[in-house]
Amino acid sequence: MTASHITHLECTRTGETVEAGRLHNLSPAGAPLFARYDLDALRNSLTKASFAGRPDNFWRYRELLPVRDAANIASLGETFTPLIPLNRLSDGQILVKDEGRLPTGSFKARGLAMAIAMAKELGVRRVAIPTNGNAGAAASAYASRAGLESFIFCPEDTPDVNVRETALQGGKVWRCNGLIDDCGKFVHAGEEEMGWFNVATLREPYRVEGKKTMGIELAEQLGWEVPDVIFYPTGGGTGLIGMWKAFAELEAVGLIGSKRPRMVAVQAEGCAPIVRAWNAGADTAERWENAATGAAGIRVPAALGDFLILRALRESDGFAIAVDEQSIFGARARVAREEGLLLCPEGAATVAGYLKALETGQVRPGDRAVLFNCGNGLKYPMPDGVPALDITLPFDWTTIG
């Protein structure tokens, strides 16, 4: 695969450029780097017809991705994720993009598949990552597939299934006495001595390139249109940032028009630094102390890309919204019961956020809304309470009607 049109990397704060073919973490200014492409050249050559016959996975967008040599892609069978209408919650205008269908059961597969491919392309042999669960699972899986070592550090209360799958897939994993940003500091501290490449959220340029494929894929699935509003479960916010970047690139090459979806960052009330910053009109978000929520994936007290998230919300005329635990898990139960769709808690938070925004008038009933379910619901604890039944005894069938 030599069709990548990447030209350079650009600091998201200063606009300073650095070479794309070398290994980078943050920019010289200490900010995330964005990959930039020769979009002018693609405007005449990349058309909707260009994708005909290509595999139904995100590698089909190779011109807008950074990997230059396909031999560095360690695929685990990434595929398009479906858009599932919630017919009982709406008239079909609410669509759930179910990212739980990806390898390792979450949308983290997009970002880590790209980051690991680029790490391999640039000569890395060892990677490390802090995680609340799913990113560690994806990092270990793709690193093992690519023949790289992976070191994974997670909070001690990370869901057990995530820790076990990470270890089973070859990751060297530890539970740590701190939150994800504490684990991130530990990974950073070990970079020089351990010689690992840090693939934490936005600390290298390519996870966001993998996550932006959610936006490209969504536009293609909707006939090269965008929805009115996107509700995104926001911890580090890489996907929200990436999709906003993707929409600009798609317009620049002529695949979509100027319409943009309103971007909505959904957080839990127990960890809502972006919501607090949004409500205060701030450009950055202060660390959230004593972060707590059962939606572990959005328990991120401080996001490196806070200013990029807030910028996307403002540019899109979107907003940030916080939902309580009862609403999150109530939405999860309701969608499972009424729609047959098992969401992860973070995905359920987007449903709760949508319903809350509908009540407050921040969205209209007729708006086409896409809600991101970021992980497979089977990876999370579920309520018990199923009654036992002795089928060897005479039974009164009216008791189960």
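The values are calculated or read from the model by the stated rules, or taken from the named source; none is laboratory data. Predicted model, so just to flag it, every value in this text is computed and none were measured. Reconstructed Cβ throughout: ideal geometry from the backbone, glycine too, with neighbour counts over all protein chains shown.
At a glance:
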item	result
From the options Ala109, Ala74, Ala119, Ala143, residue that is of a type outside the set (S, T, N, Q) and in contact with a Ser or Thr (Cβ under 7 Å, 6 or more places away or on another chain)	Ala143
Every residue from the range 322-343 that is farther than 21 Å from Leu83 by Cβ and in contact with a strand residue (DSSP E or B) (Cβ under 6 Å, 6 or more places away or on another chain)	Ala322
Subset of the range 175-224 [at positive phi and either surrounded by 23 or more Cβ atoms within 10 Å (Cβ to Cβ) or hydroxyl-bearing (Ser, Thr, Tyr) (or both)]	Leu202
Enumeration of residues in the range 257-270 that are surrounded by fewer than 24 Cβ atoms within 10 Å (Cβ to Cβ) and not small (Gly, Ala, Ser)	Lys259, Arg260, Arg262, Glu269
Selection status of Arg101, under 24 Å from Arg332 (Cβ atoms), in contact with a Ser or Thr (Cβ under 9 Å, 6 or more places away or on another chain) and modelled with pLDDT of 95 or more	yes
Number of positions in the range 280-306 that are in a helix (DSSP H, G or I) and free of Cβ contacts under 8 Å to residues at least 40 places away in the same chain	1
Top-ranked residue in the range 85-135 [being of a type outside the set (Val, Ile, Thr) and part of a strand (DSSP E or B); ranked as nearest to Ala71 (Cα to Cα)]	Arg126
Test: residue in the range 128-138 that is under 14 Å from the mean Cα position of the chain (by Cα), of a type in the set (Val, Ile, Thr) and farther than 27 Å from Val229 by Cβ	yes
Top-ranked residue of the range 11-43 - restricted to ones that are assigned to a loop (DSSP other than H, G, I, E, B) and among the β-branched types (Val, Ile, Thr), ranked as surrounded by the most Cβ atoms within 10 Å (Cβ to Cβ)	Thr12
Number of the condition not met by Val163 [criteria: (1) more than 25 Å from Thr81 (Cα to Cα); (2) part of a helix (DSSP H, G or I); (3) of a type in the set (Val, Ile, Thr)]	(1)
Some residue of the range 335-344 being in the same structural domain as Gly270 (by TED's automatic domain parsing), over 13 Å from Leu89 (Cα atoms), buried (at least 21 other Cβ atoms within 10 Å of the Cβ) and not aliphatic (A, V, I, L, M)	yes
